[in-house]
1. How large are Rg and Dmax for region B:2-214 when only the alpha carbon atoms are used, in Å?
2. A:ILE197's amide H: which non-local residues (gap 5+, or another chain) put their own amide H closer than 5 Å, with H modeled 1.01 Å from N in plane and none for Pro or chain starts?
3. Restricting to DSSP H runs of at least four residues, report the calculated mean residue ellipticity at 222 nm for chain A, -39500 (n - 2.57) per run over all residues, nearest 500 deg cm²/dmol.
4. Any idea what the relative contact order of region A:12-137 is, in percent, if you count C-alpha pairs under 8 Å spaced at least 6 apart?
5. Could you tell me, in Å, what Rg and Dmax come out for the Cα atoms of region A:42-95?
6. Relative contact order for region B:95-156: what is it in percent, counting Cα pairs under 8 Å that are at least 6 residues apart?
7. On average, how many beta carbons from a partner chain sit within 10 Å of the beta carbon of a residue in A:166-173?
8. Whole angstrom only: what separates the Cα centroid of region B:1-73 from the Cα centroid of region A:40-76?
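Just so you know, all these numbers are worked out from the coordinates, no wet-lab data involved. Treat the numbers as computed from the prediction; the structure is a model and nothing was measured. Cβ placement follows ideal geometry from the backbone for every residue including glycine, while neighbour counts extend to all protein chains displayed.
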Protein chains: 2
Amino acid sequence: MHKVVTVDLEKDILAENRRIANENSELLKSHGITAFDFLGAIGSGKTLIIERLIEVLKAKGKRAGVIAGDVSGDDDYQRFIKHGVPAANINTGKECHLDAHLVDHALEDLPLDKLDYVFIENVGNLVCPVDFPVGSHKRVVVISVTEGDDMVRKHPPIFAFSDVVIINKVDLSDAMEVDPKILERDARRTNPGAKIIMMDARRGKGMDELVNALGL
Amino acid sequence: MHKVVTVDLEKDILAENRRIANENSELLKSHGITAFDFLGAIGSGKTLIIERLIEVLKAKGKRAGVIAGDVSGDDDYQRFIKHGVPAANINTGKECHLDAHLVDHALEDLPLDKLDYVFIENVGNLVCPVDFPVGSHKRVVVISVTEGDDMVRKHPPIFAFSDVVIINKVDLSDAMEVDPKILERDARRTNPGAKIIMMDARRGKGMDELVNALGL
């Protein structure tokens with residue numbers, strides 16, 4: 001009995017999320033905005049990579065806004081606003097992912113008429129966001145070599161779900177005794193169509209490739 | 001309408017989980033087994049720390065079993081069985097946490113009469129396991145400095161939920177430009193009663209303190 005109710009309810013929730021995600025996508029399109037959903041474990045470097053992209057866009061005269069999603073706190077939001085860009089902070093409370101409805105509300109807080117791009121930083125983990133597209137144009141999943149060489153094998157769905165895979169902190173590969181080629185191989189097997197980028201975001205390695213992959 | 005159904009269903013699921021967690025706890029007690037639930041982000045070092053503890057127990061003539069929980073794959077399970085200990089592998093498929101029912105089944109696969117301790121490695125993230133106690137005696141949350149200094153502030157519930165907090169990979173603090181004292185301060189604020197241990201599991205730093213904290 002419970003099973004049936006759960007499954008139906010889950011279907012309802014997912015269908016409703018997809019409906020709102022489509023609305024978000026249309027809303028962004030109507031403002032000429034391209035949006036990217038950044039996924040990945042905590043500490044993988046999502047925030048820093050978005051900060052770097054904001055600066056790249058500034059140098060090109062383009063304007064970016066950011067939606068920062070976390071269970072709690074505003075650490076990332078505070079980092080973003082230091083770059084002088086409009087940002088919205090979402091605290092999910094107990095949920096381990098953003099959903100289209102939360103992003104819809106956050107978009108209301110951004111000056112969409114003045115933006116060319118919106119970066120959405122999802123809640124940090126490699127599991128939950130998979131079922132909840134938020135209406136972005138591309139999804140970018142960030143992992144780092146400090147997480148070990150088995151990250152892709154342990155979480156195939158999120159890699160299948162993403163358009164771009166960033167393998168970050170490759171400068172620490174030797175110190176961590178982790179071979180980034182294994183992560184790259186597993187990512188390619190899981191998602192042959194994805195663009196895979198080796199990155200050291202602190203030192204800027206891989207940024208040009210990412211900018212190209214996102215069409216910025 | 002949906003909200004009400006969801007909330008009731010969630011209450012049912014959580015209550016049922018607690019009931020089975022209590023049964024697991026009683027089952028373990030009846031075999032004289034102490035169990036530890038290891039929580040923490042992917043790549044924080046949970047597997048290596050459990051591997052180290054298995055060896056510590058071996059040296060003391062004690063016998064440990066392990067339950068390895070992951071969304072997908074058997075990487076951790078394969079590491080555990082190399083230590084010659086009984087282990088059970090749980091793949092959660094899409095769920096981002098173990099639950100008491102999954103652990104109940106895994107316990108059936110372990111030779112409980114021959115064990116003194118069971119280590120349970122939960123699915124790697126700092127959000128989902130909070131609502132699902134599995135019947136362990138103590139919970140240990142593992143974070144590492146490579147995840148950044150805001151990990152505790154971003155996920156207070158899991159720190160409040162745990163008995164022991166391990167701050168791992170402190171040897172990389174300088175390279176990561178992360179001050180482990182900030183993590184320690186935030187953890188102490190969130191959970192004044194928790195034992196907080198600075199660790200470098202690769203080199204064995206902090207192991208004696210952990211062994212003491214767990215009463216091994």
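1. Rg and Dmax of region B:2-214, Cα atoms, are 16.9, 55 Å.
2. A:VAL165, A:ILE166, A:ILE167
3. Details: 9 runs with 90 residues, N = 216.
The helix-only estimate for chain A comes to -12000 deg cm²/dmol at 222 nm.
4. On the way: 234 pairs, mean separation 54.6, N = 126.
Worked out over region A:12-137, it gives 43 percent.
5. 11.6, 38
6. Over region B:95-156, the number comes to 46 percent.
7. Going residue by residue through A:166-173 and averaging, the value is 1.
8. Each part's Cα centre sits 34 Å from the other's.
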